[in-house]
Structures are given as structure tokens and as C-alpha cells.
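Each reported figure results from applying straightforward, stated rules to the coordinates on display, with no laboratory input. Being a predicted model, the structure only gives us computed values, none of them experimental. So basically every Cβ, Gly included, is an ideal-geometry build from the backbone, and we count neighbours across all protein chains shown.
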Amino acid sequence: MSAHPLSCACCGLPVPRYRNPVPTVDLIIEAGGGIVLIERRNPPPGWALPGGFVDYGETLEAAAVREAREETGLQVTLVRQLHTYSAPERDPRQHTISTVFLATASGTPRAGDDARQARIFRPDQLPPLAFDHATIIQDYLACRNNPSTSAAAS
């Protein structure tokens, strides 16, 4: 069965369909002397920053807070935006554009939603990371070690 084309409600002409990148958020959550990572339950596998897709009608900030709570059980305080990452190949499933937030939290992370595990890692003892999250963490560390440095465009 083929999909029916969209048509204009006023004139009936076909409305073009566009393939647009999908907005996502990721978080670098500082807690317990390290950063919170989740082990993904769903493909692609591996360890990653908490984050996910922005829901329709949701701000980036609200999505970041929601994703942190769903995946780690932590209530976070957003500190600032770090950078936006937009390389078309950054997510093997589809073209996403991720806005990364720096956040703080206290407590012990616990896996929830699509996370198999949630743990705090020291920045010098990170496991192999999914997506472009190693680059994101490198940019975060560069900014943290030299506040006048901004993250490189990706």
C-alpha cells in the first residue's frame, strides 16, 4: 500500500514532504566527582551520555530535564548549553541535531527507561562511547579546563 500524498486544504495541490534532521538533547551531568553515563538497552549499543529525542511542544531544556530523570532517575539542574552537534552521521539511525547541556545533580544514578545501567565515571576512566559522545566529552573537558575556550563546531 502506498502512502497518500499530503495535499493543501485550501487548493488541493500536493504538499511536498521534507526530510529534516530530528532534534535531540544530550546531557553532561556532573555528579559524585565524575560524569553520569548510561549503558544503552537499545541499538546502537554502548555507553552514552543521557539524552534523547525532543517531544513535540517541548523545549530543549524541558527535554533535557525529562531525559535525565527518565534515564538516570536524577533531578538535574541545568547549568548552561555546551554546544550543538549536527554532523549527519553522528547517529547511525538517522540525521539528528543534538543540543548538549551541562547539568549538575546529587544522588546515585539508577537505570531507567532505555538504560541498562547508569553509572558515574571519572573523565579519565571512560568506557568506549556510542555516537559522537567521545568528541562531546573532549569538548566539555577542554571548556572546563579553559573556560575561555568554546567547543569546536561539529
Legend entry - Longest segment of the chain lacking chymotrypsin sites (Phe, Trp or Tyr not before Pro) that sit in a DSSP loop with at most 11 other Cβ atoms within 10 Å: 57-154
Inset, instruction - Subtract the Cα-Cα distance of Ser86 and Arg66 from 0.36 nm times their separation in residues, and report this length gain in nm to one decimal. - result: 5.0 nm
Inset, instruction - For the chain, count all C-alpha to C-alpha pairs, find those more than 23 Å apart, and express that count as a whole percent of the total. - result: 39
Inset, instruction - Compute the acute angle (0 to 90°) between the alpha-carbon long axis of helix 60-72 and the principal axis of greatest extent of the alpha-carbon atoms of the chain; round to the nearest 10°. - result: 60
Legend entry - Degrees, to the nearest 10: 133-145 long Cα axis against longest axis of the chain: 50
Legend entry - Contour minus Cα-Cα distance for Val15 and Glu39 (0.36 nm per residue): 4.5 nm
Inset, instruction - Just grab the label-to-label distance for Cys8 and Thr104, each label 7 Å out from Cα along the Cβ direction, in nm (one decimal). - result: 5.4
Legend entry - Check: segment 1-120 dipole with +1 on Lys, Arg Cβ and -1 on Asp, Glu Cβ, in debye: 200
Legend entry - In segment 64-104, the GluC sites (Glu not before Pro) that fall in loop regions by DSSP, at most 13 other Cβ within 10 Å: Glu89
Inset, instruction - Give the Rg (one decimal place) followed by the Dmax (whole number) of segment 70-154, computed from C-alpha coordinates and expressed in Å. - result: 13.7, 36
Inset, instruction - Starting from the Cα-Cα distance between Val79 and Gln138, subtract it from 0.36 nm times their residue separation and give me the gain in nm to one decimal. - result: 19.4 nm
Inset, instruction - List the longest stretch of the chain that has no exposed loop site; here a site is one of the trypsin sites (Lys or Arg not before Pro) assigned by DSSP to anything other than H, G, I, E or B, with at most 12 other Cβ within 10 Å. - result: 20-92
Inset, instruction - Report the antiparallel proportion of the DSSP beta bridges in the chain as a percent, rounded to a multiple of 5. - result: 70
Legend entry - Computed over the chain: relative contact order in percent, which uses C-alpha pairs under 8 Å that are six or more apart: 27
Legend entry - Label-point gap, in nm, between Val22 and Arg116 - each point 7 angstrom along Cα→Cβ: 2.1
